[in-house]
Every structure is written in C-alpha cells, then in structure tokens.
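First comes the structure, then the notes that go with it.
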Amino acid sequence: MLTRINGSKLPSWREIIEPHPDVAQGRYLNAEFAADLSQVARGEGAFEYRDPVEFFARTYVTEGMKGLLIQALKRFGGQDGEPVLQLKTAFGGGKTHSLITLYHIAKAGKDLMQNAYAKSILNVGVEPKFENARVAVFTNNTLDAVQGHIVEEDVHIHTIWGELAYRLGGRAGYEMVRANDEKFIAPTDEIFKPVLASAAPALILVDELADYCNK
C-alpha cells in the first residue's frame, strides 16, 4: 500500500512499523494494558509492569514524562526539583504509567544505570545518585475507607496518613502518627514532617484519590 503526498509515494506505516511479538501473534490480553499502581507496589499484576527491566523495555518516554523524571531525580539528589507534582492528563493519558515509571526509578536508584533500557530513558542530563528511596503508594484500592487494614498484629491502619507513615517509616513511622490515625484526625505539619525527614529520600505516589474520598 502506497500513499501519494505531493506527488511522492510513501509506504504505509504497516510496512515500516513492526508490532510487538505478542500483538503480532495474538497472545496479548486486554487486561495487560490496564496499568495498576497498587498491584505493582504489592509485587503483583502483569509481569510487564512489575518487572523493571521488562517495563522499561516497553516504555516510550514522551517529553512530558522526561520532564517529570528530571524533576524527580533532581529532588532525590537534593537539588531544586519540585517537591510536589500534580499530573494533569485526560483519561487514558498515561498518568498511571508515569507513576509506575517513578516507582521503579525510586526503588532501583543508581542500579538503573546498569539497565540498558532504563539508561536510555534516563538520558536526560540527570542520573540517580541514591541507592534507593522509600516509596509510599496510596490508591483507591490501598485502604478500605471503613475498616482500614491490619499490617502487623497490633498495627491496624485506618487513614491515608497512617498508611503513608507506615510505608515510609515502618513501625517507627506509624507510631509517630498512631494517635491521629486511630482517631481519624489528620496530623499537623509538626507531626508529619519528622516522618518525611526520617525516610528521605522518599517518594509518595497517590493515584485515584478522588475515588477513595468518594468512598
């Protein structure tokens, strides 16, 4: 198939672009294209998302994602990166995929430079210098809005603040906000800042928060 543009014949994109083998062979599942940050954080879900090597091999970095990575890496390195970033994309615009990218970068740190795919993605003038970062993930599926969940025998988390504190600082982090969590009261800056300071470098990823609040 040829397309004529201004008198020139151009081949069809089908003759130039080769689909991924699982697509060409009809082995893909629609569910695999539904990125789930909470599953990745639990080490579950499709291999293509939870395995960093496979994930980066399949990831195309857009200009928007590259800007996000630069800001995050600068912040991890103690530079002037933005401390809080809000992703504004339309439905299906790659927001969750970007969050998963940040998750893998934070967990692997400078070891990512040993990954050829990740190294090309991180070719943005800023490299990860840290070993790894503490990562707290909160999505609409992380915590039951009424019952919370039990993570240790005597640690029953009730709120987003308790969840973030526990994921960042473990048992010690949770104890800093236990009283607030058990009474369903948001902690003040004075209480929560020590949690962040003790976990640095740290990354908090929040996805589908409106759905959780609606519950």
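The values are calculated or read from the model by the stated rules, or taken from the named source; none is laboratory data. Computed from a predicted structure; not experimentally measured. Every residue, glycine as well, gets a Cβ built from its backbone with ideal geometry; the counts of neighbours run over all protein chains shown. These area figures cover heavy atoms from the full protein model, side chains too; ligands, DNA and RNA do not enter into them. Shrake-Rupley method; radii C 1.70, N 1.55, O 1.52, S 1.80 Å.
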Inset, instruction - Kindly establish whether ALA210 is among the small types (Gly, Ala, Ser), modelled with pLDDT under 95, closer than 26 Å to THR96 by Cβ and loosely packed, with under 13 Cβ neighbours inside 10 Å. - result: yes
Inset, instruction - State which residue pairs qualify: first residue on the phi < 0 side of the Ramachandran plot and basic (Lys, Arg) and inside the range 44-56, second residue open to solvent by 40 Å² or more (accessible area, probe 1.4 Å) and in a helix (DSSP H, G or I) in any location, beta carbons under 8 Å apart, and separation of 6 or more residues or different chains. - result: ARG50/GLN39
Legend entry - Candidates GLN147, GLN114, filtered to the one that is more than 17 Å from ASP36 (Cα to Cα), over 19 Å from the mean Cα position of the chain (by Cα), at pLDDT below 90 and open to solvent by 80 Å² or more (accessible area, probe 1.4 Å): GLN114
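For every residue, the table says whether it meets (1) of a type in the set (A, V, I, L, M, F, W, C); (2) over 26 Å from ILE160 (Cβ atoms).
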| site | (1), (2) |
| --- | --- |
| VAL40 | yes, no |
| ALA57 | yes, yes |
| ASP80 | no, yes |
| PRO83 | no, no |
| ALA118 | yes, yes |
Inset, instruction - Starting from the range 135-157, take each residue that is at positive phi and list its partners that are among the charged types (D, E, K, R) and modelled with pLDDT of 95 or more, counting only C-beta distances under 9 angstrom and pairs at least six apart or across chains. - result: GLY148/GLU163; GLY148/ASP181
Inset, instruction - Could you tell me which of the residues ARG167, ARG75 is farther than 22 Å from ALA35 by Cβ and either open to solvent by 40 Å² or more (accessible area, probe 1.4 Å) or among the hydroxyl-bearing types (Ser, Thr, Tyr) (or both)? - result: ARG75
Inset, instruction - Check every one of the helices (runs of 4 or more DSSP H) wholly within the range 1-94 and list those with 1 or more residues that are at pLDDT 75 or above. - result: 13-16, 37-41, 47-50, 52-58, 63-76
Legend entry - Leading residue by the ranking (nearest to the chain's Cα centre (by Cα)) among those in the range 123-139 that are modelled with pLDDT under 90, closer than 29 Å to GLY173 by Cβ and open to solvent by less than 80 Å² (accessible area, probe 1.4 Å): ALA133
Inset, instruction - Report yes if some residue within the range 174-185 is within 28 Å of PHE56 (Cβ to Cβ) and out of contact with any Ser or Thr (no Cβ under 7 Å at 6 or more places or on another chain); otherwise report no. - result: no
Legend entry - Residue under evaluation ILE191, criteria (1) under 30 Å from PRO128 (Cα atoms); (2) more than 22 Å from the chain's Cα centre (by Cα); (3) open to solvent by 60 Å² or more (accessible area, probe 1.4 Å), criterion not met: (3)
Legend entry - Subset of the range 99-111 [touching a Pro at 6+ places or on another chain (Cβ under 8 Å) and open to solvent by 60 Å² or more (accessible area, probe 1.4 Å)]: LYS107, LYS110
